[in-house]
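The values are calculated or read from the model by the stated rules, or taken from the named source; none is laboratory data. Everything numeric here is computed off the predicted structure, so don't read it as measured data. A quick note on method: Cβ atoms are made from the backbone with ideal geometry, for glycine too, and the neighbour counts reach across all protein chains shown. Surface accessibility is based on the protein's heavy atoms, side chains included, excluding ligands, DNA and RNA. Shrake-Rupley method; radii C 1.70, N 1.55, O 1.52, S 1.80 Å.
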Amino acid sequence: MPNFAREAALGGLVCGIDEVGRGPLAGPVVAAAVILDRQRMPRSLRTGIDDSKKLAPEEREEYAAALRSCAVIALGAASVGEIDRINILRASLLAMRRAVQSLPLIPDEALIDGQHCPPLGCPSRAIVDGDARIRVIAAASILAKTERDAEMCRLHERFPQYGFDRHKGYATADHLDAVARFGYSEAHRRSFRPPTLFDTMD
């Protein structure tokens, strides 16, 4: 379970950063930057925040709403076009940088889930599996996930034939079947084409 040990050891304003959406065939990559104030956090957040992948959708939404009421939060994204142009790793780092740049204050240090640190204008360190170990990163993972899921539901309204509201752009069997039938939409990443579908896309 993620805890506050790393933030407590660092002191100052510690920002957690995580991104969601590196693997899907469609939609943006979204990052969240979060600064937690433990004095303002309700007990549910002090004890229950976990890696977003381990939470049910209803739990994520509940925690996200609570975080919005008591944390300093900013979001950033990189579009499908940017992903195709600069690759998904660079797009993920770009989304993270945009999130931090949107914060109303500059953190003393940023803790980032993963292996890479984008240039942020403040000290930073990458932590593998940080969303499972560090609470402020877990909080960022929840907010990035809920925001991206909401964006995929908005895209579903424009492109209902793909079922984005169900699979959120990931390469499920239903999604691949829809792509084979309808081709790629403007919401799809051309750089993420599964090899078996090359002949069906234009």
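Details
- Apportionment of accessible area to carbon and sulfur, the chain, percent (1.4 Å): 49
- Taking GluC sites (Glu not before Pro) across region 55-143, none is in a DSSP loop with at most 11 further Cβ atoms lying within 10 angstrom of its Cβ.
- Positive-end residue, region 66-202 charge dipole about Cα centroid, Cβ charges, pick of ALA66, PRO118, ILE86: PRO118
- For region 21-122: rounded, prolate or oblate by the Cα gyration tensor [a/c cutoff 1.5]: oblate
- Set of aspartates and glutamates with alpha-carbon distance to LYS54 below 19 Å, sequence-local pairs under 8 removed: ASP18, GLU19, GLU62, ASP113, ASP129, ASP131, GLU147, ASP149
- Probe 1.4 Å, all protein chains present, accessible-area order of TYR170, TYR63, largest first: TYR170, TYR63
- Candidate values [x] 16.6; [y] 14.1; [z] 11.1, label of the one derived for mean projected area of the Cα convex hull in nm²: [z]
- Label sites at ARG68 and ALA171, each approximated as a point 7 angstrom past Cα along Cα to Cβ, lie 3.3 nm apart.
- Rolling a 1.4 Å probe over the heavy atoms of the protein chains gives the chain an accessible area of 47 Å² per residue.
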